[in-house]
Amino acid sequence: MIDTFRSIFKVEELRKRIFFTLGLLVVYRVGGHIPTPGVDGSVLAQFLSSQQSIFGLLDLFAGGAFAKATIFAMGIMPYISASIMLQLLGAVIPYLQRLQREGEEGRRKITQWTRYLTVLIAAAQAYGTAAFLMNVDYNGIKAVHMAAIYFIPLTIITFTTGTIFIMWLGEQITERGIGNGISLIIFIGIIARFPEAIITEIQFLWGGTRAFWLEIMMVAAMLIVVAAIILMTRAQRRIPVQYPRKVVGRRVFGGATTHLPLSINSAGVIPIIFAQSIMFLPSTVAQFFPDTDWIQNLVAVTLAPGALWYNIIYGLIIVFFAYFYTAIVFNPVEIADNMRKNGGYIPGIRPGKNTADYIDRILTRITLPGALFFAMIAILPWVLISWAGVNFYFGGTGLLIVVGVALDTLQQIESHLLMRHYDGFMKKGRIRGRSM
């Protein structure tokens, strides 16, 4: 392993890409500490820590920037929402479907539209966040001491500009660095909270607040959860595919036996992100109706994070979007047609419609356990916070992203090493990442 890390810095291009990536990630973390004008960050942090709120989860993806009310408080989530929306619209709008098939030119056009949509989503979310900040009051102390007519426009401009700058950083990392820039920005924001959480747990242990045996059980449970996520992320159902031999002149082509890999988690973390966006909607709408009691009670009690109905609805939405998004990104009919055109077939299954139905049936069956597993992982943070008294988020989208991004980045580094005849991280195997 030590020799592998030495090899990384022997490759000039790889070394430059890693340093470039680290440099921009440092810029992102520095920006996460620049305060937004007019907001008392200490009051906001105390207010968020005093209650279980969906904004705490938003703060997780912003790397703690939301609780401090910094210029990067919105994080990169508006860009992710815009990307997912355009990807889903591409399945129903023929023009977007054509752009997706046009290669690099179509990709540039979709990227441009994604940027425009990001600005609109960021501005809308910034307005809702500004309205929320205006109502933050902790023990009679308000977080904002500026008039709304000045604070709201200033906050919208600040938060939207911060999101656009983060989007630019992510694109630069993807183009000139190593790994997926947007994923790495979320990754660094999540792991930046780990040291603080570890120190707090140690203080609880030393202070006698938490028993030693309970802490050991928690650590063991966390390791098991991480191992299970890695296992489920890489799990596949491999359908055997046979290609017949073809004789052309004196040459023989084909005759190979391969497989069609069907991932248990074809949709990745997108169902959880979609579900979070929907569960975040009631809290956002409630900011526009501060005097409507039934809306406030619905958000504060029935749909409060960690509440029974919140967890049930959250889990059902995740399962629904897992099937919905898998149906969009994985087309059994198209796969069956491509196999038939190339002479491939699944042993015992007729080519064409029968093959498409067989693939669809297998995909439907393996998606259910994957969707249920990731729904449980998504609900896990609220269970730990409500029942176990854990004071930080562990699980959910954050943990899935950390595991997935780590595997993908290591895979890219290993690819650079193997191209230059260096050993990768694993000599007896290859790291398999997954796309976000």
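Structural remarks
- Here ALA130 fulfils each of the conditions (1) of a type in the set (Gly, Ala, Ser); (2) buried (at least 18 other Cβ atoms within 10 Å of the Cβ); (3) touching a residue at least 60 places away in the same chain (Cβ under 8 Å) apart from (3).
- Residue within the stretch 237-254 that is exposed (fewer than 14 other Cβ atoms within 10 Å of the Cβ), assigned to a strand (DSSP E or B) and at pLDDT 70 or above present: yes
- Selection within the stretch 141-158 - free of Cβ contacts under 8 Å to residues at least 24 places away in the same chain and either of a type outside the set (Val, Ile, Thr) or touching a helix residue (DSSP H, G or I) at 6+ places or on another chain (Cβ under 6 Å) (or both): ALA147, ALA148, PRO153
- Every residue from the stretch 86-101 that is under 16 Å from TYR325 (Cβ atoms), surrounded by fewer than 16 Cβ atoms within 10 Å (Cβ to Cβ) and modelled with pLDDT of 80 or more: LEU89
- Candidate set: the stretch 257-274, residues that are of a type in the set (A, V, I, L, M, F, W, C) and modelled with pLDDT of 80 or more; chosen: the one nearest to the chain's Cα centre (by Cα): ILE264
- Against the numbered list (1) free of Cβ contacts under 8 Å to residues at least 40 places away in the same chain; (2) within 20 Å of the chain's Cα centre (by Cα), VAL219 comes up short only at (2).
- Options ILE178, ILE188, ILE173: the member that is closer than 19 Å to THR70 by Cβ, aliphatic (A, V, I, L, M), surrounded by 17 or more Cβ atoms within 10 Å (Cβ to Cβ) and touching a residue at least 24 places away in the same chain (Cβ under 8 Å): ILE188
- Of residues in the stretch 401-416 being over 14 Å from ILE190 (Cβ atoms) and under 14 Å from the mean Cα position of the chain (by Cα), the one surrounded by the fewest Cβ atoms within 10 Å (Cβ to Cβ): LEU407
- GLY424, sole failed condition from (1) at pLDDT 85 or above; (2) small (Gly, Ala, Ser); (3) not in a helix (DSSP H, G or I): (1)
- Complete set of residues in the stretch 202-217 that are touching a helix residue (DSSP H, G or I) at 6+ places or on another chain (Cβ under 7 Å) and either surrounded by 11 or more Cβ atoms within 10 Å (Cβ to Cβ) or among the acidic types (Asp, Glu) (or both): LEU205, ARG210, GLU215
- Residue match in the stretch 339-357 (condition: modelled with pLDDT of 85 or more and under 18 Å from ALA267 (Cβ atoms)): no
- Leading residue by the ranking (nearest to SER42 (Cα to Cα)) among those in the stretch 133-159 that are surrounded by 15 or more Cβ atoms within 10 Å (Cβ to Cβ) and of a type in the set (Ser, Thr, Tyr): TYR138
- Only one of PHE280, PHE289 that is surrounded by 14 or more Cβ atoms within 10 Å (Cβ to Cβ) and modelled with pLDDT under 75: PHE280
The values are calculated or read from the model by the stated rules, or taken from the named source; none is laboratory data. Owing to the predicted nature of the structure, the values given are computational and were not obtained by experimental measurement. Cβ: placed from backbone, ideal geometry, glycine included. Neighbour counts: every protein chain shown.
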